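Student: Below is a structure I'd like to ask you about.
The values are calculated or read from the model by the stated rules, or taken from the named source; none is laboratory data. Nothing here was measured: the structure is a model prediction, and the numbers come from that model. Neighbour counts run over all protein chains shown; Cβ positions are idealised from the backbone, glycine included.
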Amino acid sequence: MSAEAVVARPKPGILERVRAWLANPWAQPRGLAVFTWLYIAWSLIPVAIAVQFSFNAGRSRSTWQGFSLRWYISDPDLSVLHDPSLRLSLLQSLRLAGLTMLVATPIGVALAIGLARWRGRAAQAANFLMLFPLVTPEIVMGVSLFLVFTYLYDFIPLGTWAQFIGHVTFSISFVVVIIRGRLFAIGRDYEEAAMDLGASQTEALRRVLLPMLAPAIFASFMIVFALSIDDFVISQFLSTGAETITIPVRLYSTARLAPSPALNALASLMLFATLIAITLAGLFLRVARRRQAARGGSAVQDLAKLEF
Amino acid sequence: MPRKEGGVVGEHRSLWPALAAPGVVWLVLFFLAPFYAIFAVAMGTVDPIFLQPQPEWNPYFWDPSSFRDVFREIFTGGALGDTFVRTIGYVAVASGLCILIGYPVAYYVARRAGRWKGLLLLLMLAPFWINYLMRMLAWVNLLDVDGQLNRLLVTIGLLPQPRDWLAGHHETVILGLVYGYLPWFILPLYAALDRIDQNVLEAARDLGASPFKAFLRVTLPLSRQGILAGTVLIMLPMFGDYYTPNLLSGSPRTRMIGNWIDFFVNSTVSAGGQGAALTIVLMLFVALLMVYYLVSVARATREARG
């Protein structure tokens, strides 16, 4: 690049540097670098402070009074462990995430394989249907599920079961997106080789394709777990009372009314659970990439693609 | 040798639809049918004694009167009309700010970060996996009357006394929206900028374009798809948002469309029909955004498939 050639003179004065910058502000993007790091700080420091105050020894959420686990376990009435409303929401979130993960992932994997190979008009319609939950505003899904469980499927009560069905519904599409990415990278060669060697289509699927997909399937389990724990709108529309309140719903209903560091502790626990799940997912996706000598990119970028 | 699809004759025809079937059935039962239920309730009637909505499942008997009520309220300048204007204003300002803040960040990380790129990408992705409500809770703590922000501003002398940031201020809600949705804008834009071939830029420079001109005439047009995708991606949830204004203000002065839907559906027995009608109005409103997004995703998938 030509920028280096200009900077041959020893130690340019401040005036010259300003002039050089004006002539070519794109040569050394220091301003951009500072701006970017400021953005990163702005986006993460508030959350870091919230986590810090979950370990506060005192009741304040803004004055640091020393480190303690009071709001997690030791306080006999107000800690996450001892306050029934906080403990119940933690359990409800974990229960829903576990159930959703076990049901949505197999359905999504099968749908992804089916849609990747099945051709024709019906397949196109199915593909379109699969994409729709990804673009529907959550509030629309929340209202629609609430109405359908109230007026049509009234044999399924609002509460845990309705929440579970709602979570599976929005998770399936994400699983399809992850698995489909891997399927395109793998291609059809291995399967066809297996079939040339005498395997049936089903055998090739079970003994060649599924083992190759295994890391991506584990990643899907983890990502569905994280998505379910994170969900707020659908959980709220379908909850019925104290026992079906998940962590995000608890944060929503208590943050302004009766905030305490115990609420920060509950939020931090959710954060830790999500981060563990996502780290595992990232590791699995990395294994998947290594095995198949994928072209370019990284596991982090695979995770990044999920948000589309 | 290329061989015919399927190992055993006949097996392949039914295998793929069979694999897709559970997922498709699930989505029909729990995504399409509920979608239809919104229309059934919105076009239904209300039981005159118990004031409960009576959904009408047969389109032949649909009665659009709750739509008329909703539209009349929107266009005759009732509370609902104000809310619509306010929602559009919030979303426009917040999206504009997201573009102004997000573009430089995405540009730097994608094209200029050098050895920091991996770390920056990781940090940029972190907010995705921190719960939205927790990120808002963090700001509720900071913006409290005796929170850190007030202390900082009073200490350095910018404010004479602490200000109640959480008492129905537009700027607080917009701050929340920008803070909440900015990562979703940056990511697709980052992907678009990352894809641009360095050779194209060097060609522009070789042909005599200044760096600034090269940016304006090459990089910016090539990243247009990313800007559009990012903007659509954040506008869709912003139009349906109700928790951000509720947590960061809670005042009727900062109500958005979502707050009315939440109120109609969750807090009243009789207005389910109105809630459903308002949801449909919201959907019509964002339909263009949804269609644009679906089309671009479908195109990207086709390209990946080859």
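Student: With crowded, with 23+ Cβ neighbours inside 10 Å, more than 27 Å from B:Leu133 (Cβ to Cβ) and within 12 Å of chain A (Cβ to nearest Cβ) as the only criterion, which of B:Gly230, B:Gly275, B:Gly226, B:Gly258 stands out?
Tutor: B:Gly226
Student: Would you be able to tell me the number of residues in segment A:126-146 that are assigned to a helix (DSSP H, G or I), facing chain B (nearest Cβ under 7 Å) and more than 16 Å from B:Trp26 (Cα to Cα)?
Tutor: Residues that pass the stated criteria total 6.
Student: Suppose we keep only residues that are surrounded by fewer than 22 Cβ atoms within 10 Å (Cβ to Cβ) and under 22 Å from B:Met290 (Cα atoms) within segment A:112-125. Which one would you say is farthest from the other protein chains (Cβ to nearest Cβ)?
Tutor: Of everything passing the filter in segment A:112-125, A:Arg121 is farthest from the other protein chains (Cβ to nearest Cβ).
Student: So B:Ile74 fits all but one of (1) surrounded by fewer than 21 Cβ atoms within 10 Å (Cβ to Cβ); (2) without any contact (Cβ under 8 Å) to a residue 60 or more places away in the chain; (3) of a type outside the set (Phe, Trp, Tyr); what number is the exception?
Tutor: (2)
Student: Kindly list the number of the only condition in (1) at pLDDT 90 or above; (2) over 24 Å from B:Ala79 (Cα atoms) that fails for B:Glu202.
Tutor: It fails just one condition, (1).
Student: Here's a follow-up. Before we move on, is B:Val173 away from every other protein chain (no Cβ under 13 Å), within 30 Å of A:Leu266 (Cβ to Cβ) and in contact with a Pro (Cβ under 7 Å, 6 or more places away or on another chain)?
Tutor: yes
One line per residue, one yes/no per condition, for (1) within 23 Å of A:Ile229 (Cβ to Cβ); (2) at pLDDT below 90:
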{"site": "B:Ala126", "(1), (2)": "yes, yes"}
{"site": "B:Val145", "(1), (2)": "no, yes"}
{"site": "B:Thr172", "(1), (2)": "no, no"}
{"site": "B:Val178", "(1), (2)": "no, no"}
{"site": "B:Ala192", "(1), (2)": "no, yes"}
{"site": "B:Arg195", "(1), (2)": "no, yes"}
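Student: Separate question: Conditions: (1) in contact with a helix residue (DSSP H, G or I) (Cβ under 7 Å, 6 or more places away or on another chain); (2) within 9 Å of chain B (Cβ to nearest Cβ). A:Ala162 meets all but one. Number of the miss?
Tutor: Just one mismatch for A:Ala162, condition (2).
Student: Where residues in segment B:1-53 are touching a helix residue (DSSP H, G or I) at 6+ places or on another chain (Cβ under 7 Å) and modelled with pLDDT under 70, which of them is surrounded by the most Cβ atoms within 10 Å (Cβ to Cβ)?
Tutor: B:Gly7
Student: Taking segment A:237-267 as the search range and keeping residues that are assigned to a helix (DSSP H, G or I) and at the interface with chain B (Cβ under 8 Å from one of its Cβ atoms), which one is surrounded by the fewest Cβ atoms within 10 Å (Cβ to Cβ)?
Tutor: Filtering segment A:237-267 for residues that are assigned to a helix (DSSP H, G or I) and at the interface with chain B (Cβ under 8 Å from one of its Cβ atoms), the one surrounded by the fewest Cβ atoms within 10 Å (Cβ to Cβ) comes out as A:Tyr252.
Student: How many residues does segment A:222-235 hold that are crowded, with 23+ Cβ neighbours inside 10 Å and under 20 Å from B:Val265 (Cα atoms)?
Tutor: Qualifying residue count, segment A:222-235: 4.
Student: Among the residues of segment B:50-64, is there at least one that is more than 7 Å from every other protein chain (Cβ to nearest Cβ), assigned to a helix (DSSP H, G or I), of a type outside the set (A, V, I, L, M, F, W, C) and farther than 16 Å from A:Val148 by Cα?
Tutor: Yes, because at least one residue in segment B:50-64 is more than 7 Å from every other protein chain (Cβ to nearest Cβ), assigned to a helix (DSSP H, G or I), of a type outside the set (A, V, I, L, M, F, W, C) and farther than 16 Å from A:Val148 by Cα.
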